[in-house]
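Report on one structure; see the data block that follows.
The values are calculated or read from the model by the stated rules, or taken from the named source; none is laboratory data. Here the structure is a predicted model, which is why all the values come from computation and not from measurement. Cβ sites come from the backbone with ideal geometry, for glycine too, and all protein chains shown count toward neighbours. What goes into the accessible areas is simple: the full protein's heavy atoms, side chains included, and nothing from ligands, DNA or RNA. Shrake-Rupley method; radii C 1.70, N 1.55, O 1.52, S 1.80 Å.
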Amino acid sequence: MICWRAMLADPRIARLLALIRAALRPPAGMGRIMLALTLGVICHATFAAAVLAMITAMFFGLSASFGTVAWPWAALANAALIAQFPLAHSFFLSARGAKVLTRLIPGPHGATLATTTYAIIASAQLLALFTLWTPSGIIWWRAEGAAFWTITAAYTASWLLLIKASFDAGAEVQSGALGWMSLLARIRPVFPDMPTRGLFALIRQPIYVAFALTLWTVPVWTPDQLALAVSYTAYCLLAPRMKEKRFAHRYGADFARYKADVPYALPRLKKDRPHAQ
């Protein structure tokens, strides 16, 4: 009983449950309800398809996909597929991009649906990357036997870390549910506070670190996978700097204290923590 009470008192869970309860009792308004439900279905279906495509494609080192661009033009097409996600991802997180995001849904609900719209766009971009990639046809190395199972376990663990980090950051925001559920309940979206719990108590950027780990723990290595891993690892190390500028502006002294206590990407040993006793 105490364990359940502690779980329900966790703000990450309590906030999500409050949103779900509100969405289950939507005020009248057929047009609003249909818009919210339609975008919710699109959002989560696209999200699930993108994650499945990503897990599968990288597990095989991008050695199989639906892209059919002739070489050497395929190299340019693949480079464009790699670039389009981080470019749009960073743009829509900027102040200017956020304004554009609120205008993508016509009518008065664009701002409420911004997180859902963002998740749909990001999911569609990842789905395009991993389904439209044109494989080189070159396989450098394929794990076998014990090595295969060891690497597969590491790949699975990396994805579980990514899921945990996304939950710690706010599952409703990361999944896009905040927008359409808030619209359904006809309430103002409530964003989570600055994340400091769970993996965020160990490092400031667990989502980016976990994502980078998924890139390097695959059992099949090809030039395709290497290009993706190098490109997106660089993005995972550099892009959060922009995020931290936004956090510094939004949270001020709270973020400054958090930044001083918690390392960027590699956890400290307990004895090395600045405020450790």
Of all residues in region 99-120 being open to solvent by 30 Å² or more (accessible area, probe 1.4 Å) and within 12 Å of the chain's Cα centre (by Cα), which is nearest to VAL173 (Cα to Cα)? TYR118
Filter region 191-223 for residues that are small (Gly, Ala, Ser) and in contact with a helix residue (DSSP H, G or I) (Cβ under 7 Å, 6 or more places away or on another chain); the one that is most open to solvent (accessible area, probe 1.4 Å) is GLY198
Where residues in region 132-181 are polar (S, T, N, Q) and touching a residue at least 60 places away in the same chain (Cβ under 8 Å), which of them is surrounded by the fewest Cβ atoms within 10 Å (Cβ to Cβ)? THR152
Region 47-74: number of residues that are part of a helix (DSSP H, G or I), open to solvent by 70 Å² or more (accessible area, probe 1.4 Å) and either farther than 21 Å from ILE121 by Cα or β-branched (Val, Ile, Thr) (or both): 1
Out of ARG96, ARG32, ARG21, sole residue that is of a type in the set (Lys, Arg), open to solvent by less than 30 Å² (accessible area, probe 1.4 Å) and assigned to a helix (DSSP H, G or I): ARG32
Segments classed as helices (runs of 4 or more DSSP H), wholly inside region 130-230, with at least 3 members that are over 14 Å from the mean Cα position of the chain (by Cα): 145-174, 177-185
Out of (1) in a helix (DSSP H, G or I); (2) within 25 Å of ALA143 (Cβ to Cβ); (3) of a type outside the set (Phe, Trp, Tyr); (4) open to solvent by less than 50 Å² (accessible area, probe 1.4 Å), the odd one out for GLU244 is which? (2)
ALA77: open to solvent by less than 80 Å² (accessible area, probe 1.4 Å) and at pLDDT 90 or above, yes or no? yes
Only one residue in ARG257, ARG268 is part of a helix (DSSP H, G or I), open to solvent by 30 Å² or more (accessible area, probe 1.4 Å) and of a type in the set (D, E, K, R). Which one? ARG257
Condition broken by HIS44, with the remaining ones in (1) surrounded by 19 or more Cβ atoms within 10 Å (Cβ to Cβ); (2) touching a residue at least 60 places away in the same chain (Cβ under 8 Å); (3) farther than 29 Å from TRP221 by Cα satisfied: (1)
Regarding LEU87, is this residue modelled with pLDDT of 95 or more, open to solvent by 40 Å² or more (accessible area, probe 1.4 Å) and either farther than 14 Å from LEU183 by Cβ or out of contact with any strand residue (DSSP E or B) (no Cβ under 8 Å at 6 or more places or on another chain) (or both)? no
